[in-house]
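Here is the structure we will look at.
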Amino acid sequence: MGVGMVMTRNQKGFSPIFIILILLLLALLGFAGWRIWESRDDKGGKIPSSSDSAPASADPEEPAAPALNYVKPPSEVYRVALPDTWVKATCPDTPDLLFLAPTTDKLGKCNSEFGGTVTISKASGDVSHPAAYYSGDSHLSGVSYATTTIDSINGYKVSYTVSTEYEIGTPAVGTQQTQWVLFDGTNSFIMVYTRLPGDPDLAAAAQTLAETFDKL
């Protein structure tokens, strides 16, 4: 048998090792395909993706904000939102005056020097004062003065502590007060928060109340 005949016979067909490798490769591909199919069946025929694991974005309807409880003086020239559980009082002979407080015993008294926790009033003309008016008052200490705008009306907010007694005896020494004075070009609106010695600190509630001032 010549060399040429041997070479011709070796080139026909495939070696057993090559065939075994082909079979192993087909088996691996078949197993991988079966695993993918099983995964699809477990997920309802859907291959899981990164978006499937993330919870759907929810946009629940936000609860409506509670309605504000606005109160007015008898003249109805302005209104403010009364804090929860607070009470009000007015004076028949002073229609622009409004007393507000957390309890009835802290309400201002008509025709007296006691203004209670919060007093709101209106005055004709401009009754505002510069910062020097307060800082120069020897009865006051810790004066803080800053301009402010409420309901589009310019004015200022001033806070201080009564450090020495006035001739009339009020406010008492140790009393802390904050005033908001607004001038609309014709009238002044004055809101006063008073914290007597021993009273709880209601400055935050008074600030929120003042910010709801609305000239009618």
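The values are calculated or read from the model by the stated rules, or taken from the named source; none is laboratory data. All of these numbers come straight from a predicted model, not from anything done at the bench. Here the Cβ is made from the backbone with ideal geometry for all residues, glycine too, and neighbour counts use every protein chain on show. SASA here: full protein model, heavy atoms, side chains in, ligands and nucleic acids out. Shrake-Rupley method; radii C 1.70, N 1.55, O 1.52, S 1.80 Å.
What are the ³J(HN,Hα) values, in whole Hz, obtained from phi via the Karplus relation 6.51 cos²θ - 1.76 cosθ + 1.60 with θ = phi - 60°, for each residue of the range 140-148 in sequence order, with x given for Gly and Pro?
Calculated HN-Hα couplings, in order: 10, 9, x, 6, 10, 9, 8, 6, 8 Hz.
Under a plain spin-label model, where a point goes 7 Å from the Cα along Cα-to-Cβ, how far apart in nm are residue 165 and residue 89?
With each label point 7 Å from Cα toward Cβ, the separation is 2.5 nm.
Calculate the length of the line joining the C-alpha centroid of the range 146-197 to that of the range 94-111, in whole Å.
Taking the Cα centre of each part, the range 146-197 and the range 94-111 sit 16 Å apart.
Please turn the phi angles of the range 201-216 into ³J(HN,Hα) values with the Karplus equation 6.51 cos²θ - 1.76 cosθ + 1.60 (θ = phi - 60°), one per residue in order, whole Hz, x for glycine and proline.
7, 10, 4, 5, 5, 5, 5, 4, 4, 4, 5, 8, 4, 9, 6, 9
Protein chains only, probe 1.4 Å: how do 167, 113, 76 rank by accessible area, largest first?
In descending accessible area the options line up as 167, 113, 76.
Determine how large the accessible area of residue 114 is when every protein chain is in place; take a 1.4 Å probe and give Å² rounded to the nearest 10.
In the full protein context, residue 114 sits at about 70 Å².
So how much accessible area does residue 156 have, in Å² to the nearest 10, using a 1.4 Å probe?
Ignoring ligands and nucleic acids, residue 156 comes out at about 10 Å².
Per-residue accessible area for residue 160 at 1.4 Å probe radius, Å² rounded to 10?
So the heavy atoms of residue 160 present about 20 Å² to solvent.
Where q = 0.09, 0.12, 0.15, 0.20 Å⁻¹, what log10 of I(q)/I(0) comes from the Debye formula for the range 97-216, counting one point per Cα?
-0.23, -0.43, -0.68, -1.25
Can you compute the FRET efficiency between residue 138 and residue 208 using 1/(1 + (r/R0)^6), with r the Cβ-Cβ distance and R0 = 25 Å? Round to the nearest 0.05.
The formula returns an efficiency of 0.20 here.
Which percent of the accessible area of the range 81-145 is formed by carbon and sulfur heavy atoms (probe 1.4 angstrom)? Let's see the in-between values first.
Values: 1820 of 3470 Å².
C and S fraction of accessible area: 53 percent.
Might you tell me the accessible area per residue for the range 63-162, computed with a 1.4 Å probe and given in Å²?
54 Å²
Using Cα-only point scatterers and the Debye equation, what is log10 of I(q)/I(0) for the range 148-216 at each q in 0.23, 0.29 Å⁻¹, rounded to two decimals?
Here log10 of I(q) over I(0) equals -0.98, -1.26.
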